[in-house]
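Accompanying notes for the structure given below.
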Amino acid sequence: MQNSKSVEDQCLMKTKKLAEHNARQKQQNPEAYAAKRKASYLRSKIKRREAVFAKLGLQCECCGESDIRFLTVEHKLNDGAEDRKIRSHEKLYRDILKMNEIEMHEQFETLCMLCNFAKGLYKICPHREAENGEENQ
Ligand SMILES: [Zn+2]
Ligand SMILES: [Zn+2]
């Protein structure tokens, strides 16, 4: 346990140095600093998206699109508009990551942007409409 204090101190020093370093960078080159911050913010956003879809489903429930860059969270209960008034996208993602799977699948599913958009506007995605049409014939 003799070393624990010094390890802690070293850790504190590192944190302090990093903070000083960041402050210096911010002062010396505010634009580069802002760009760096933005890049790291975007990286964490992308990471969160990856975690959300790994949990919710990695492909569109409607058309099977599996490129994560196209994927969105669909509110199955059609309360998406209401939900967006009370929480941001980021908050929604964080909440989904905290939810248990049953609760999550009751409320949300993975849809690609196209299917989500079409479903939002026309109530049913054209992919599904075609399916239903074939069934009815
Ligand atoms: Zn789709
Ligand atoms: Zn679709």
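Any of Lys55/Lys76; Lys91/Lys123; Lys45/Lys76; Lys36/Lys91 with alpha carbons more than 18 Å apart? Name them for me.
Numbers: Lys55/Lys76 16 Å; Lys91/Lys123 25 Å; Lys45/Lys76 23 Å; Lys36/Lys91 23 Å.
Over 18 Å apart, Cα to Cα: Lys91/Lys123; Lys45/Lys76; Lys36/Lys91.
Check the straight Cα-Cα distances from Lys85 and name the aspartates and glutamates below 19 Å, setting aside those fewer than 8 residues away within the same chain.
In chain and number order, the partners are Glu74, Asp95.
Could you state the angle between the C-alpha long axis of helix 30-56 and the longest principal axis of the C-alpha atoms of the chain, as a value from 0 to 90 degrees rounded to the nearest 10?
The angle comes out near 50 degrees.
Just round it to a whole percent: the fraction of Cα-Cα distances in the chain exceeding 22 Å. Before the final figure, lay out each step's value.
Details: 5336 of 9316 pairs.
Of the Cα pairs, 57 percent sit more than 22 Å apart.
Can you list the trypsin sites (Lys or Arg not before Pro) in the range 72-105 that are in a DSSP coil and have 16 or fewer other beta carbons within 10 angstrom?
Details: sites: Lys76, Arg84, Lys85, Arg87, Lys91, Arg94, Lys98; in loops: Lys76, Arg87.
Listed in order of number, the matching sites are Lys76, Arg87.
With +1 on the Cβ of every Lys and Arg and -1 on the Cβ of every Asp and Glu, and nothing else charged, how large is the dipole of the chain about its Cα centre, in debye rounded to the nearest 20?
Details: 26 positive and 22 negative charges, 295 e Å.
For the chain, the charge dipole is close to 1420 debye.
Based on the alpha-carbon set only, what is the convex hull volume of the range 1-75 divided per residue, in Å³? Intermediate values should be presented prior to the final figure.
Numbers: hull volume 11.1 nm³, N = 75.
Looking at the range 1-75, the number lands at 149 Å³ per residue.
Could you give the angle, 0 to 90 degrees to the nearest 10, between helix 113-122's Cα long axis and the longest principal axis of the Cα atoms of the chain?
So the inclination is approximately 50 degrees.
Set the Förster radius R0 to 30 Å, insert the Cβ-Cβ distance between Lys16 and Lys91 as r into 1/(1 + (r/R0)^6), and round the FRET efficiency to 0.05. All intermediate terms of the calculation are to be shown ahead of the outcome.
Values: r = 32 Å, r/R0 = 1.05.
That gives a FRET efficiency of 0.40.
Contact order normalised by length for the chain, with contacts defined as Cα pairs under 8 Å and 6 or more residues apart; what percent is it? Please report the intermediate quantities before stating the final value.
Working: 94 pairs, mean separation 34.0, N = 137.
25 percent.
Tell me the angle of helix 126-136 to the major Cα principal axis of the chain, expressed in degrees between 0 and 90 and rounded to the nearest ten.
That helix lies at roughly 30 degrees to the long axis.
Read-outs throughout are calculated quantities, based only on the coordinates presented, and are distinct from any laboratory measurement. Keep in mind that this is a model prediction, so the values were computed, not measured. Every residue, glycine as well, gets a Cβ built from its backbone with ideal geometry; the counts of neighbours run over all protein chains shown.
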